[in-house]
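Q: Take a look at the following structure, please.
The values are calculated or read from the model by the stated rules, or taken from the named source; none is laboratory data. Keep in mind the model is a prediction, meaning the values are calculated, not measured. Cβ sites come from the backbone with ideal geometry, for glycine too, and all protein chains shown count toward neighbours. With ligands, DNA and RNA removed, areas are computed over all heavy atoms of the protein, side chains included. Shrake-Rupley method; radii C 1.70, N 1.55, O 1.52, S 1.80 Å.
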Amino acid sequence: IDLLTLALEETTDEYGSFQLQPVHVEMTQARTSLMLQRNEYINLMWRMSSQALEQQLQAIYFPILKGLMGSRIFVIKKGNQHKFPNDLPLTDLKKIPLGQGNNWPDASILLANGFNVIKGHDSYLIQMLKRGRFIFFPRALHEPWSELAEESELVVEKNFMLKYPAPTFFFVNKSNTRLHQRLDLGFKKILNSGKFEQFFLNHPITAGILTKANVKQRIVFELKNPLLSVQVKQLLTDE
């Protein structure tokens, strides 16, 4: 929301003032996408992208988290670190049950890479982990910290990270060309001016995240993402 505000503020000269209004309705990712596609309740959302999603909605092709959603560390129960020794081969890691959301692109990506995926409703996954329905819960680098602050039974696993290309974009309805063009311009401006880099390095969610997640000490397994569109594959080559 802070980043969205920054991009909109950069374009007030060209497009005028704006107002952000949150919609207080609890929706799954799939439901949110459907509402946006139908032009009901919402004008904009952000999600990890997939080829199917880009066919339904208009992506603003600017990776708002620099691909962080594809860098995954694991939330596990306290006392389960021994199940993840640092000499654990990828073939054995794939056999350990992991949890992901029913309609998350990550579930499809991990299944395509041969992992043992247990699916559940987004809001039940932490409880499923605590009850032993699966052994680890891959989360993006910036995600576990606020969750674990309220969960004394859980910790971040120390040795491993999964990595796959997974850009997160803002999406609008395909007919909403004005908002699409405004955001496209706004993000180009904050990228070129250096404001995006400054924002990313200093925002509480992303500041110091590589150090916090101890990335340099982790064994990284690179995975393929079969859900990427042609546009995203091209974007991945753009420094």
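Q: Could you work out the helix-only [θ] at 222 nm for the chain, with each DSSP H run of four or more residues adding -39,500 (n - 2.57) and the total divided by the number of residues, to the nearest 500 deg cm²/dmol?
A: On the way: 12 runs with 85 residues, N = 239.
The helix contribution divided over the chain gives -9000 deg cm²/dmol.
Q: What shape does the stretch 98-139 have by the C-alpha gyration tensor, where a ≥ b ≥ c are the square roots of the eigenvalues, rounded means a/c under 1.5, and otherwise prolate means a/b greater than b/c and oblate the rest?
A: Judged from the Cα gyration tensor, the stretch 98-139 comes out oblate (a/c at least 1.5, b/c at or above a/b).
Q: If you don't mind, there's one more thing I want to ask. Note the full-extension length gain between Val230 and Lys216 as 0.36 nm times their separation in residues minus their Cα-Cα distance, in nm to one decimal. The partial results should precede the final answer.
A: Working: separation 14, 0.36 × 14 = 5.04 nm, distance 3.10 nm.
Taking 0.36 nm per residue and subtracting the Cα distance, the gain is 1.9 nm.
Q: Tally up the carbon and sulfur contribution to the accessible surface of the chain as a whole percent, 1.4 Å probe, everything protein left in place.
A: 50
Q: Using alpha carbons only, how many angstrom separate the centre of the stretch 1-64 from the centre of the stretch 156-222?
A: What the calculation gives is 15 Å, centre to centre.
Q: Got a sec to turn the phi values of the stretch 116-123 into Karplus ³J(HN,Hα) couplings, 6.51 cos²θ - 1.76 cosθ + 1.60 with θ = phi - 60°, whole Hz, x for Gly and Pro?
A: Couplings: 8, 9, 9, 8, x, 5, 2, 6 Hz.
Q: Would you grab the residues whose amide H sits under 5 Å from the one on Ile118? Only those 5+ places off in sequence or on another chain, please, with H modelled 1.01 Å from N.
A: Correct list: Leu98, Gly99, Gln100.
Q: Sticking with this one: Just need the Rg to Rh number for the stretch 163-239, please, alpha carbons only, Kirkwood Rh.
A: My calculation puts Rg/Rh at 1.02.
Q: Label the stretch 74-147 by shape, choosing from rounded, prolate and oblate, from the square roots a ≥ b ≥ c of the eigenvalues of the Cα gyration tensor; if a/c is under 1.5 it is rounded, and otherwise prolate applies when a/b is larger than b/c, oblate when it is not.
A: In terms of gyration-tensor shape, oblate.
Q: Here's another thing I want to ask about it. What are the radius of gyration and Dmax of the chain, computed over its Cα atoms and given in Å?
A: According to the Cα coordinates of the chain, Rg and Dmax are 18.6, 57 Å.
Q: Test of understanding: what is the full-extension gain from Asn39 to Gln181, defined as 0.36 nm times their sequence separation minus their Cα-Cα distance?
A: 49.4 nm
Q: Give me the 1.4 Å probe accessible area per residue for the chain, excluding ligands and nucleic acids, in Å².
A: Value for the chain: 54 Å² per residue.
Q: In nm, to one decimal, how far is the modelled label at Arg131 from the one at Lys188, with both set 7 Å along Cα→Cβ?
A: With each label point 7 Å from Cα toward Cβ, the separation is 5.1 nm.
Q: Roughly speaking, what is the stretch gain from Lys174 to Arg31, that is 0.36 nm per residue apart minus the C-alpha to C-alpha distance, in nm to one decimal?
A: Answer, rounded to one decimal: 49.8 nm.
Q: If you don't mind, another one. Which shape class applies to the stretch 70-199: rounded if a/c is under 1.5, otherwise prolate when a/b exceeds b/c and oblate if not, where a ≥ b ≥ c are the square roots of the Cα gyration tensor eigenvalues?
A: Note, shape of the stretch 70-199 comes out prolate.
Q: Go through the stretch 223-237 residue by residue and turn each phi into a ³J(HN,Hα) via Karplus (6.51, -1.76, 1.60, θ = phi - 60°); whole Hz please, and just put x for glycine and proline.
A: 3J(HN,Hα) across the stretch 223-237, in whole Hz: 10, 9, 10, x, 9, 6, 7, 4, 4, 5, 4, 5, 4, 5, 8.
Q: Show the residues, 5+ positions off or on another chain, whose built amide H is closer than 5 Å to the amide H of Phe160.
A: Hits under the 5 Å cutoff: Ile219.
Q: If packing is taken as the average number of other Cβ atoms within 10 Å across a peptide's residues, how do 150-161, 23-34, 135-146 rank, most packed first?
A: 135-146, 150-161, 23-34
Q: Over all distinct Cα pairs, what is the inverse of the mean 1/r for the stretch 123-194, reported as the Kirkwood hydrodynamic radius in Å?
A: Result for the stretch 123-194, one decimal place: 16.0 Å.
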